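The values are calculated or read from the model by the stated rules, or taken from the named source; none is laboratory data. Just so it is clear, the structure is predicted and the values come from calculations on it, not from any experiment. All Cβ positions, even for glycine, are placed from backbone atoms using ideal geometry, and neighbour counts span all protein chains on display. We work out accessible area using only protein heavy atoms, side chains counted, and drop any ligands, DNA or RNA first. Shrake-Rupley method; radii C 1.70, N 1.55, O 1.52, S 1.80 Å.
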2 protein chains.
Amino acid sequence: MSMKSKSTSELKASIHRVEEICKSNKLGLTEIRKQVFEIIVKNNKPIKAYEILDKIRNINNKPSHPPTVYRAIDFLIENGFVHKLNSINSFVGCFHPKAHKECYFLICKKCNIYQECCDDSLKDRISKTAIHNNFVISNTTLEIEGHCLDCSQK
Amino acid sequence: MSMKSKSTSELKASIHRVEEICKSNKLGLTEIRKQVFEIIVKNNKPIKAYEILDKIRNINNKPSHPPTVYRAIDFLIENGFVHKLNSINSFVGCFHPKAHKECYFLICKKCNIYQECCDDSLKDRISKTAIHNNFVISNTTLEIEGHCLDCSQK
DNA sequence: ATTGCAATGTTATAACATAACATATATTAT
DNA sequence: ATAATATATGTTATGTTATAACATTGCAAT
């Protein structure tokens, strides 16, 4: 599988799914939160908080400040709609929220496109490793950096 | 296995090992680099760059600046003597440098002690996941946060 | 001795993130 | 409908993490 950016319809579906989840769970998907989510998912690549801030400023044509963005991000992460990539201080949308709270990633260093890789065998293996060490997992960061098929062929 | 801090002899051995590796590989283990390495390994817990900086200032009793510490850290990471935990912006010593360049971690949120967990089956599983996605790995961040045996029993 | 190079010193600032408090908006209970 | 409450946002300031850029030092090779 090569790493492709999401189609317009996938994006729409993703946004719609988040709206539905918020509606049915009575989560306040406010204008800003929605804007931030759309900016993140439409970006295809991991995006940084201050890049989001710039876009928010352009959209709304008024001053905005870091806390506004970070709060929206917090909300989106808490509810599993967005993930943070710690290795590059960037944020990505989640395309199957609620399916899992943990998410593993492949991140291409060249084209910057990312992809989730949360297969169960990997999850199991990590879980076994934790058990073997008498360790109770609360959250896992797995970020695999390298080159995707397209970029490693160039 | 519970997460214990390293004994004095383990620390000495670790420092000695690094010295030997540098000697045989003609790597310049300068005074500062050595100081930073010792601070990191002796700390038992992940340590932050500015905490290292404070300690360096105390040791040498003269002004030091962030680049001094970050450069030393870069050297130590490049040569596999130290790892960065991206999820908590902290640094830890590696107790088997050169055995592998990648390192996976269990990090206890309560006592902050960390432990490497680089078993081969986990390595294999990650490798397979990458292959399955036609992805060439250059480096992997795996940080499992949670509670160690001791802390989860308290 | 001079050149070249690796490491360190120094100043400044970039990049990332949150504390604290004020204000506004939505929700709920009366 | 209104007051009380909770939730969200605005705003200022600052804390935290990390690097750019350039000067200086020390040492090795010619």
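Per residue, the convex hull spanned by the Cα atoms of chain B amounts to 134 cubic angstrom. Among A:Ala130, A:Ala13, A:Ala72, the largest mean-square fluctuation in a Gaussian network model of chain A (Cα springs under 10 Å) belongs to A:Ala130. Positive-end ranking of B:Leu85, B:Pro67, B:Ile113 along the dipole of the range B:42-113, with charges on Cβ about the Cα centre, is headed by B:Ile113. Electrostatic bookkeeping for A:Leu149 treats Lys and Arg as +1 and Asp and Glu as -1; over the other residues with beta carbon under 14 Å from its beta carbon, the sum is +3. The B and A chains share an interface that buries close to 3000 Å² of accessible area, total over both sides, probe 1.4 Å. Sorted from shortest to longest, the distances between the A:Ala13 label points of this copy and the other copies are 5.4 nm, with each point 7 Å from Cα along the line through the beta carbon.
Beyond 26 Å in Cα-Cα separation lie the following of the pairs A:Lys4/B:Lys128; A:Lys4/A:Lys128; B:Lys34/B:Lys110; B:Lys45/B:Lys101: A:Lys4/A:Lys128; B:Lys34/B:Lys110. Taking a Cβ cut-off of under 11 Å around A:His83, the surrounding Lys, Arg, Asp and Glu residues balance to a net charge of -1, with basic ones at +1 and acidic ones at -1. Using alpha carbon centroids, what distance separates the range B:71-125 and the range A:82-154, in Å? Cα centres, the range B:71-125 to the range A:82-154: 17 Å.
Straight-line cross-link partners of A:Lys123 among the aspartates and glutamates, defined as a Cα under 12 Å from its Cα and at least 8 positions apart when in the same chain: A:Glu102. The Cβ shell under 13 Å around B:Ile39 holds other residues with a net charge of +3, Lys and Arg each +1, Asp and Glu each -1. Per-residue mean of foreign Cβ neighbours for B:119-126 is 4 (Cβ atoms of other chains, 10 Å radius).
Computed from backbone phi, the HN-Hα couplings of the range A:45-62 come to 9, x, 10, 8, 4, 6, 6, 4, 4, 4, 5, 4, 4, 5, 4, 8, 6, 7 Hz, rounded to whole numbers (Karplus: 6.51 cos²θ - 1.76 cosθ + 1.60, θ = phi - 60°; Gly and Pro given as x).
Computed from the C-beta positions of A:Lys4 and A:Ile77, the FRET efficiency with R₀ = 25 Å rounds to 0.55. The mean number of Cβ atoms from other chains found within 10 Å of a Cβ in peptide B:144-150 is 6, as a whole number. Place a label point 7 angstrom from the Cα of B:Asp150 along the Cα-to-Cβ direction, then list the residues of the range B:74-118 whose backbone nitrogen is under 15 Å away. From the range B:74-118, the list is B:107-116. Counting only residues at least eight positions apart within a chain, or on another chain, the aspartates and glutamates with an alpha carbon under 15 Å from that of B:Lys48 are B:Glu38, B:Asp74. Rg over Rh for the range A:72-116 works out to 0.96, both radii taken from alpha-carbon positions and Rh defined as the Kirkwood radius. Before rounding to the nearest 500, sum -39500 (n - 2.57) across all DSSP H runs of length at least 4 in chain B and divide by the residue total; then give [θ] at 222 nm in deg cm²/dmol. One gets -14500 deg cm²/dmol as the mean residue ellipticity at 222 nm. Computed extension gain for A:Lys23 through A:Lys109, at 0.36 nm per residue and net of the alpha carbon distance, reaches 27.3 nm. For the residues of A:63-72, the average number of beta carbons from a partner chain within 10 Å of their own beta carbon is 0. Using a Gaussian network model of chain A in which every pair of alpha carbons under 10 angstrom is joined by a spring, one finds that among A:His132, A:His83, A:His65 the greatest mean-square fluctuation is at A:His132.
What you get for the protein assembly as shown, charging only the Cβ of Lys and Arg (+1) and of Asp and Glu (-1), is a dipole of about 540 debye around the Cα centre. Per residue, the protein assembly as shown exposes 52 Å² of solvent-accessible protein surface, assessed with a 1.4 angstrom probe and all protein chains in place. Using a Gaussian network model of chain B in which every pair of alpha carbons under 10 angstrom is joined by a spring, one finds that among B:Ser121, B:Ser90, B:Ser138 the greatest mean-square fluctuation is at B:Ser138.
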